[in-house]
Amino acid sequence: MDRDAAMLPSLELHRHLGELLQKGTGADVTFHVSGEKFAAHKAILASRSPVFMAELFGGMKEEASRHIEVKDIKPAAFKAVLRFIYTGTAPELDKKGDGGTSLAQHLLAGADRYGLDMLKLICVGWLADRITVDTVATTLALAEQHGCSQLKASCIEFIAGYLDAVLETEGYKHLEASCPSVLTDILKATLRPTN
């Protein structure tokens, strides 16, 4: 048997699961996120996420419910979390245009919330590759809040190189208010001698 042919069923499975999510066929739970509804399948969610396993099959109130209200996540990010669970892909991060960084930040928070380590790594890599003066402070706050040490280090290194410009951003004001502990790390990085 050809090695490439042996890999096709796996690819087909993700495509079929993606279609199942899209159509909602056989869905046994509906999530309500800021007025939007997302139909899903408890068994699939639980098989890919330890958090969904606990919520849906671990004796929590959500176990018996067919309708679950989800707070503190944007609908687009929740939809992307579901797509990743079903397909193992995050095509939302491939789209061009404004809003990509914001979605990646929200998606990272969602990945952390639902214990999706691979999605979290994908988001960390995506964000680290796209650090700008305007996004670095909010990305750093996110990295600090979600325990992303490599992303945090990348942000601090970037800020040390562009400190004056970063200090002028709204994101930096948010960083000061939400994560004052990282300001010491930034100070140390700016005072570190360069080779």
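The values are calculated or read from the model by the stated rules, or taken from the named source; none is laboratory data. Bear in mind the structure is a predicted one, so any value in this text is a computation, not a measurement. FYI the Cβ positions are ideal-geometry reconstructions off the backbone, even for glycines, and counts take in every protein chain you see.
Within region 107-130, the set of residues being assigned to a loop (DSSP other than H, G, I, E, B) and touching a residue at least 40 places away in the same chain (Cβ under 8 Å) comprises Y114, G115, L116. Answer with yes or no whether G147 is part of a loop (DSSP other than H, G, I, E, B), surrounded by fewer than 19 Cβ atoms within 10 Å (Cβ to Cβ) and of a type in the set (G, A, S). Considered against the rule, which asks whether it is part of a loop (DSSP other than H, G, I, E, B), surrounded by fewer than 19 Cβ atoms within 10 Å (Cβ to Cβ) and of a type in the set (G, A, S), G147 comes out as yes.
The number of residues in region 87-134 that are surrounded by 15 or more Cβ atoms within 10 Å (Cβ to Cβ), hydrophobic (A, V, I, L, M, F, W, C), modelled with pLDDT of 95 or more and over 9 Å from the mean Cα position of the chain (by Cα) comes to 5.
Taking region 54-86 as the range and being at positive phi and at pLDDT below 90 as the test, only G59 passes. Only one entry in A165, A189 is modelled with pLDDT of 90 or more, of a type in the set (A, V, I, L, M) and either within 23 Å of S102 (Cβ to Cβ) or over 22 Å from the mean Cα position of the chain (by Cα) (or both), namely A165. Is it fair to say K173 is buried (at least 20 other Cβ atoms within 10 Å of the Cβ), free of Cβ contacts under 8 Å to residues at least 40 places away in the same chain and either on the phi > 0 side of the Ramachandran plot or among the charged types (D, E, K, R) (or both)? Answer is no for this residue.
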